[in-house]
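Accompanying notes for the structure given below.
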Amino acid sequence: MSEVSHFLDSLEVNLYKVLEQLETLKQENQRLKSELNDSQQRSEQQSAVIADWEGKYESLKMANSILGSSESAKQAKLKINTLIREIDHCIAQLSE
């Protein structure tokens with residue numbers, strides 16, 4: 001009888017240890033989920049900032065290509081007029 005009692009006591013102790021570990025793991029899992037959510041939000045925010053900067057960069061690249069790096073304002077206007085004529089020509093071809 002004493003062996004059975006000892007076995008049951010040991011089983012009970014082990015069961016409590018497992019339950020404590022389960023609770024600890026649940027808490028750790030919750031903490032990790034929270035950290036993951038925070039990281040995902042930061043990543044989304046950084047992606048939005050990157051997309052914004054990429055848009056600004058493309059706009060700047062376009063402006064520099066139109067203006068040229070060392071050309072005068074007159075030459076830039078000529079480039080713009082050429083682009084407008086090309087667009088008008090494309091519209092005319094689409095209208096046909």
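What follows is calculated from the coordinates using simple rules that are stated; it is not laboratory data. Predicted model only: the values in this text are computed from it and were never measured.
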_Residue by residue through the stretch 11-22, what is 3J(HN,Hα) from phi via Karplus (6.51 cos²θ - 1.76 cosθ + 1.60, θ = phi - 60°)? Round to whole Hz and write x for glycine and proline._
5, 5, 4, 5, 5, 5, 4, 5, 5, 5, 5, 4
*How much mean residue ellipticity at 222 nm does the chain get from its helices, if each DSSP H run of length 4 or more adds -39500 (n - 2.57) and you divide by all residues, to the nearest 500 deg cm²/dmol?*
-34500 deg cm²/dmol
*Helix 73-95 sits at what angle to the longest principal axis of the chain, using alpha carbons and giving 0 to 90 degrees rounded to 10?*
80 degrees
*With no solvent and one point per C-alpha, what does the Debye sum give as log10 I(q)/I(0) for the chain at q = 0.15, 0.20, 0.23, 0.24 Å⁻¹?*
-0.86, -1.02, -1.09, -1.12
*In straight Cα distance, which lysines are under 19 Å from residue 77, not counting same-chain residues fewer than 8 positions off?*
61
